[in-house]
Amino acid sequence: MPGDRLTYQDRRDIAAGLAAGLTYSVIARGLQRPASTVTREIMRNGGPAGYRADQAHQSTKRRARRRISAPPTPSPAPPAVMHGRAAEAVQDFRERLAAVLGRAGLPSMVGRVLACLYATDTGSLTSAELVQQLRVSPASISKAIGYLEKQELIRRERDPRRRRDRYFIDEEVWYQAVMDSARVNAELADIAEQGAKVLGATTPGGARLQDVSQFLGHVNHDIVHSANHWRRQIHVRRTTDR
């Protein structure tokens, strides 16, 4: 499709696709647009749950007017290739990861910041670097960082050379998330077993709760065993690679 701007009809089609439960890639193919364009459009305008064609179209027009009225600010163009990776491919990955994190429940800007951190080799960035990469205000980054720190998804360290804080991905965050979920499942299995005893294991209600307890107990055991196994494997691999 010629041109790079989405039309009002395009936005209505995006809203209809989201309502129908279509993936961003399927919506993009229907519009003959890159998936990154559709992902950026949705995440910039309320995310998959809050996207509205009318509001998105009006917001885009307002942003266009602000760009026209404000003096242009020159910014260096990103390199075509970074460390052997195409910059466009990295950007597309970051936007798709942010979209998935949004569907998992993270606010839009929080997901974009976390995606930026995951798309770096060091797993760390400063606020200024996040502002530059995402092209948003420092206040937006600060708010997202505060959320991520509160959820213990990242950690802050002082860079003595640059006298700035750096924000790092917590390497253990996914393991801890699995273990936290396992603890909740264990509590559910335990209370279900108690309920089975109260109701009587031979009654329909008691038998149902006994099934729940056994299911959660066995699945939880497998999850914890697998999480610990792969945590050890990853630790060994990292130690060997150093």
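The values are calculated or read from the model by the stated rules, or taken from the named source; none is laboratory data. As the structure is a prediction and not an experimental result, all values here were calculated from the model. Each accessible area value is taken on the protein alone, full model and side chains, heavy atoms only, with ligands, DNA and RNA left out. Shrake-Rupley method; radii C 1.70, N 1.55, O 1.52, S 1.80 Å.
Of the accessible area of the chain, computed with a 1.4 Å probe over protein heavy atoms only, carbon and sulfur atoms account for 56 percent.
Here is the P(r) of the range 152-222: all C-alpha pair distances, binned every 10 Å from 0, give 20, 28, 18, 14, 11, 7, 2 in whole percents.
When all protein chains stay in place and ligands, DNA and RNA are ignored, the 1.4 Å accessible-area order of ASP13, ASP241, ASP54, largest first, is ASP241, ASP54, ASP13. Our note on the geometry: Cα centres of the range 108-125 and the range 1-46, 24 Å apart.
Accessible surface for GLU187 stands near 130 Å², nearest 10, in the context of the full protein assembly shown (1.4 Å probe).
When you work out D = kT/(6 pi eta Rh) for the range 101-242 at 20 °C and 1.002 mPa s, using the Kirkwood radius from C-alpha pairs as Rh and the Stokes-Einstein form, the result is 118 µm²/s. Matching the structure-derived mean projected area of the Cα convex hull in nm² against the labelled list (1) 14.9; (2) 15.8; (3) 19.1 gives the label (3). Per-residue SASA remark: THR7, around 70 Å² accessible (1.4 Å probe; ligands, DNA and RNA not included). For the residues PHE93, PHE168, a 1.4 Å probe over the protein chains yields an accessible-area ranking, largest first, of PHE93, PHE168.
At a 1.4 Å probe radius, which order do HIS221, HIS57, HIS229 fall into by accessible area, largest first? The partial results should precede the final answer.
Values: HIS221 120, HIS57 45, HIS229 65 Å².
My answer, sorted largest first, is HIS221, HIS229, HIS57.
For the chain, the membrane-span-like helix rule (DSSP H, alpha carbon extent of at least 30 Å along the helix axis, mean Kyte-Doolittle at least 0.5) picks out no helix; this says nothing about an actual membrane.
Rounded to the nearest 500, the helix-only mean residue ellipticity at 222 nm of the chain stands at -22500 deg cm²/dmol, with each DSSP H run of n ≥ 4 adding -39,500 (n - 2.57).
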